[in-house]
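S.K.: Here it is: the structure, laid out below.
The values are calculated or read from the model by the stated rules, or taken from the named source; none is laboratory data. No experiment lies behind these values; they were computed from the predicted model shown. In this analysis, Cβ positions are derived from the backbone assuming ideal geometry, glycine residues included, and neighbour counts consider all displayed protein chains.
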Amino acid sequence: MVSLLPVEVDGVPAIAVTVELPKTRLIVVTTERGYIMCGALDVELLNTRLAQRGIIAGRALGVRTVDDLLNAPLTDVTDGARALGIESGMTGREAIKLMA
């Protein structure tokens, strides 16, 4: 099952995507500029093999819901996210606001 829901994160429009898979769940909150995602996000791949794309993204571990993702601290962020001031340790909500 796939769920797409519009969400507003402190005034920033975003879309929450949840994909139910066997024995796991993928969760993403995306803006037009970048996104945050559950632990399935491969930040190292984005920073190395896809570096030329300048992808703005962050990863949070141990999240099970969209609210968890927005409130959890990011464990890893891409180089593109760092260029916007997004850092590991800030919440997903804080990162989304900087992606506006």
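S.K.: In region 18-42, which residues are of a type in the set (S, T, Y) and farther than 21 Å from A83 by Cβ? Reasoning before the result, please.
M.R.: At the first step, the residues of region 18-42 found to be of a type in the set (S, T, Y) are 18, 24, 30-31, 35.
The answer is T18, T24.
S.K.: Taking helices (runs of 4 or more DSSP H) that do not extend beyond region 37-100, which have at least 2 residues that are surrounded by fewer than 15 Cβ atoms within 10 Å (Cβ to Cβ) and modelled with pLDDT under 95?
M.R.: Details: elements: 43-47, 66-71, 79-83, 92-98.
It comes to none.
Listed here are the residues, each with its yes/no results for (1) among the hydrophobic types (A, V, I, L, M, F, W, C); (2) within 11 Å of the chain's Cα centre (by Cα).
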| site | (1), (2) |
| --- | --- |
| L45 | yes, no |
| R53 | no, no |
| D67 | no, no |
| N71 | no, no |
| L74 | yes, yes |
| A81 | yes, yes |
| S88 | no, no |
